Amino acid sequence: MSEPAFDTVIRGGTVATASDVFSADLGIRDGRIAAIGLGLAAGRQEIDATGKLVLPGGIDSHAHIEQLSASGLMNADTWESATRSAALGGTTSVIAFAAQHVGMDLAQVVEDYTALAARGAVIDYAFHLIVADATEKALGQDVPALAKAGHTSLKAFMTYDRLRLADEALLDLMAAAKEVGALVCVHAENHGLIAFASRQLLKEGKTAPKYHAASHPRLSESEAFERVVRFSQYLDQPVMIFHVSTEEGAAILRRARGEGAKVYAETCPQYLFLTESDLDRPGLEGAKWMCSPPLRETRDQDALWRALDLGDLQTVSSDHAPYRYDETGKLKAGPSATFKEIANGMPGLQMRLPLLFDAMVSGGRLGLRKFVEITATAPARIYGLSNKGSVAVGMDADLVVWDPDRRVTLSDDMVEDRTGFTPYAGRTLTGWPETVLCRGRVIAEGDAVTAQAGSGAPIRRG
């Protein structure tokens, strides 16, 4: 009896890429897509995708996993718990942060973080390198060596006392990135405006989580965007602006890209589906909805959807930042904490794709091909994940079989990460990931993760 032609065949589904939608079987061999066609020969394993959609696995290009904050607070997730949650949500690759703090050696930070990921990850992974201490060694020795090893994106903060780079240091970082062909990703908010607004609010006794939105004025985003764009133009250095939240910010990006600036940008589900009114809850409960930049208004949601449609925003990441709603996380400063003392960030790895699928595919907003583009193809292209992000012969078999008709009401008890809650509890979504494969291995099926800790692999980036 002859050997089966393929390790796995996904049969009878509707396949979608960023450019096409078509009926086909997919044959997988040695972790890669080996054939696309109709009536393919048998595989050792057969997955029936009749009536289902077969899409590229999601790439979440912005997630904080097992990461120590500058204030010394460890977030709730390990690499295993975070990537298990990602797998259940249809995400097969993640780019997280190897975070240097002041006084830390950047090369050692990456070595230590690599060991954590190798031990725990169940999906494939890469790192952005947070540079908070732009020393001569970090920029002159570590960045070139790490870029040569495939770590080709750097992150800078323009705010937060213990993380931010002043303008000159940011320019130094961008110049160092240009020398090695790396991308610079920026958390762009005006530090002075935030510090001033926060001080005024606290002086007036406005301490509740709902005042977090006012502590980050809308102008703090747009002003910082203007600076980053001009720095990029001055040095002719590509930048990625993270987590765009405002209508004004989107408008600056449109103008800059029209001028030929090498500027990419992303937004996140929280800015598409939540507003600052979600912060206004009894006691400190609004802390669950605190992130930076903060949630904005309905008009900003409309502007961000339009920017995605126009291509001014290229990706939607989770900005997964998991802190429990207890003394180990959000409430570390106690029951009387001010908004300034509460950890910023929301969980999002697990729910990012189902939320977007419900809106874009089931709800018809931008459509199936655009869903694939912003959740898989564009992040793979921008960040150099050359074997990821599409369905084509030779690509890694990172694939998700979606049930487009399954309706699911989100609840806290569904959460696989360690926060214990989802900010989207109570929403009913249509469309759900049924079977998830990473390099041809089934890593999640139904509502269960089947992959083992450490089975994810590092992604070498171009």
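The values are calculated or read from the model by the stated rules, or taken from the named source; none is laboratory data. Just so we're clear, the structure is a prediction, and the values are computed from it rather than from any experiment. A quick note on method: Cβ atoms are made from the backbone with ideal geometry, for glycine too, and the neighbour counts reach across all protein chains shown. Surface accessibility is based on the protein's heavy atoms, side chains included, excluding ligands, DNA and RNA. Shrake-Rupley method; radii C 1.70, N 1.55, O 1.52, S 1.80 Å.
The distance linking segment 1-64 with segment 342-374 is 22 Å (Cα centroid to Cα centroid, whole angstrom). Here segment 266-310 is assigned +1 on the Cβ of each Lys and Arg and -1 on the Cβ of each Asp and Glu. Its dipole about the Cα centre then comes out at about 60 debye.
Across segment 98-113, the residues whose backbone nitrogen lies under 12 Å from the label position 7 Å along the beta-carbon direction of ALA149 are 106-113. Here are a few candidate values for mean projected area of the Cα convex hull in nm²: (i) 20.7; (ii) 26.9; (iii) 28.1. Which one was actually calculated from the structure I just gave you? Answer by label: (i). Once all Cα-Cα distances of segment 126-241 are split into 5 Å bins that start at 0, what whole-number percent is in each one? Spelled out per bin, shortest first, that is 2, 12, 21, 20, 16, 11, 8, 6, 3, 1, 0. Charge tally for LEU295 (other residues, Cβ to Cβ under 11 Å; Lys, Arg +1; Asp, Glu -1): -3.
Between ARG230 and ASP105, the FRET efficiency from the beta-carbon distance, with R0 = 30 Å, is close to 0.45. Take the Cβ atoms of ASP326 and ARG162, set R0 to 25 Å, and the FRET efficiency comes out at 0.60. For the chain, what % of the accessible area comes from carbon and sulfur atoms, probe 1.4 Å? Its accessible area is 50 percent carbon and sulfur atoms. The GluC sites (Glu not before Pro) of segment 236-341 that meet both conditions, a loop assignment by DSSP and at most 10 other Cβ atoms within 10 Å of the site Cβ, are GLU259.
A crude spin-label estimate for the pair GLU204 and MET74, with each label 7 Å from Cα along the Cβ direction, gives 4.0 nm. Rolling a 1.4 Å probe over the heavy atoms of the protein chains gives the chain an accessible area of 37 Å² per residue. Surface listing: ARG281, ARG227 arranged by accessible area from highest to lowest gives ARG281, ARG227, probe 1.4 Å. How many percent of DSSP beta bridges within the chain run antiparallel, rounded to 5? DSSP beta bridges in the chain are roughly 45 percent antiparallel.
Our summary gives segment 58-369 a relative contact order of 18 percent, counting only alpha carbon pairs under 8 angstrom and 6 or more residues apart. Computed from Cα atoms alone, the Kirkwood hydrodynamic radius reported for segment 46-178 is 16.0 Å.
Loop-located GluC sites (Glu not before Pro) across segment 123-205 with a Cβ neighbour count of 11 or fewer within 10 Å are GLU204, with loop assigned by DSSP. In segment 54-196, Cα pairs under 8 Å separated by at least six residues give a relative contact order of 20 percent. Counting Lys and Arg as +1 and Asp and Glu as -1 over every other residue whose Cβ lies under 14 Å from the Cβ of ALA195, the net charge comes to +2.
Once the Cβ-Cβ distance of VAL180 and ASP20 is raised to the sixth power relative to R0 = 45 Å, the FRET efficiency obtained is 0.80. Other residues within the sphere of radius under 15 Å centred on the Cβ of TRP432, judged by their own Cβ, net out at -2 (K and R +1, D and E -1).
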